[in-house]
Amino acid sequence: MRTQRGFSLIEVLISLVLLGIGMAGIIGLQRVAASSSGYSRRATEAAMLAEDKLEQLRTVPLDELDGEDLIDPSGKPNDDGPFDREWVYETVGLRTTITVTVTWTENDGSHTVTMRTMRTLPP
């Protein structure tokens with residue numbers, strides 16, 4: 001009869017503590033993965049919004065190049081939009097550098113995507 005022993009209470013408690021520690025680690029990893037996924041989504045949206053504005057600014061007269069707006073992820077103007085987009089230009093000789101900066105805020109702080117292009121003026 002001595003060879004048919006079950007688990008003692010101490011062994012069960014130790015296994016529950018180890019299981020709890022493992023589950024806490026998995027929950028922490030899940031939270032980091034969700035946060036990273038959110039950042040990647042916003043960074044991709046910001047890059048697309050900056051690129052869209054650059055393409056638009058390559059065809060407008062130079063006196064219309066400075067400005068800024070608040071927009072939503074689809075690029076529509078929205079005063080409560082998560083993205084602040086600003087564009088400026090600098091002309092040196094016959095070349096104009098156009099810079100578009102898109103900024104947004106998340107739980108870990110402010111993030112920025114900046115894109116530049118050059119435009120050559122006709123002589």
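Is it fair to say LEU19 is surrounded by 10 or more Cβ atoms within 10 Å (Cβ to Cβ), at pLDDT below 90 and either charged (D, E, K, R) or more than 24 Å from the chain's Cα centre (by Cα) (or both)? Let's see the steps before the verdict.
Details: surrounded by 10 or more Cβ atoms within 10 Å (Cβ to Cβ): yes; at pLDDT below 90: no; either charged (D, E, K, R) or more than 24 Å from the chain's Cα centre (by Cα) (or both): yes.
Against the criterion (surrounded by 10 or more Cβ atoms within 10 Å (Cβ to Cβ), at pLDDT below 90 and either charged (D, E, K, R) or more than 24 Å from the chain's Cα centre (by Cα) (or both)), LEU19 does not qualify.
Just to be sure, is SER110 more than 20 Å from the chain's Cα centre (by Cα) and hydroxyl-bearing (Ser, Thr, Tyr)? If you could, list the steps in order and put the result at the bottom.
Values: more than 20 Å from the chain's Cα centre (by Cα): no; hydroxyl-bearing (Ser, Thr, Tyr): yes.
For SER110, the condition - more than 20 Å from the chain's Cα centre (by Cα) and hydroxyl-bearing (Ser, Thr, Tyr) - is not met.
Determine whether ILE27 is within 25 Å of the chain's Cα centre (by Cα), exposed (fewer than 11 other Cβ atoms within 10 Å of the Cβ) and in a helix (DSSP H, G or I).
Working: within 25 Å of the chain's Cα centre (by Cα): yes; exposed (fewer than 11 other Cβ atoms within 10 Å of the Cβ): yes; in a helix (DSSP H, G or I): yes.
Here the answer is yes, as ILE27 does meet what is asked.
Go through the stretch 34-66 residue by residue and tally those that are among the polar types (S, T, N, Q) and not in a helix (DSSP H, G or I). Before the answer, list the steps.
Going residue by residue through the stretch 34-66, those that are among the polar types (S, T, N, Q) are 35-37, 40, 44, 56, 59.
Imposing the further condition that a residue be not in a helix (DSSP H, G or I) reduces the set to 59.
Residues that pass the stated criteria total 1.
Give just the number: which of (1) farther than 27 Å from THR97 by Cβ; (2) of a type in the set (Gly, Ala, Ser); (3) touching a residue at least 60 places away in the same chain (Cβ under 8 Å) does GLY6 not satisfy?
Going through (1) farther than 27 Å from THR97 by Cβ; (2) of a type in the set (Gly, Ala, Ser); (3) touching a residue at least 60 places away in the same chain (Cβ under 8 Å) one by one, GLY6 breaks only (3).
Sort through LEU57, LEU49 and tell me the only one that's modelled with pLDDT under 90, in contact with a Lys or Arg (Cβ under 9 Å, 6 or more places away or on another chain), aliphatic (A, V, I, L, M) and surrounded by 13 or more Cβ atoms within 10 Å (Cβ to Cβ). Give the steps one after another, and end with the answer.
On the way: LEU49 fails: modelled with pLDDT under 90.
After applying the criteria, what remains is LEU57.
The values are calculated or read from the model by the stated rules, or taken from the named source; none is laboratory data. All figures in this text were calculated on a predicted structure; none of them were measured in a lab. Positions of Cβ are backbone-derived with ideal geometry, glycine not excepted, and every protein chain shown enters the neighbour counts.
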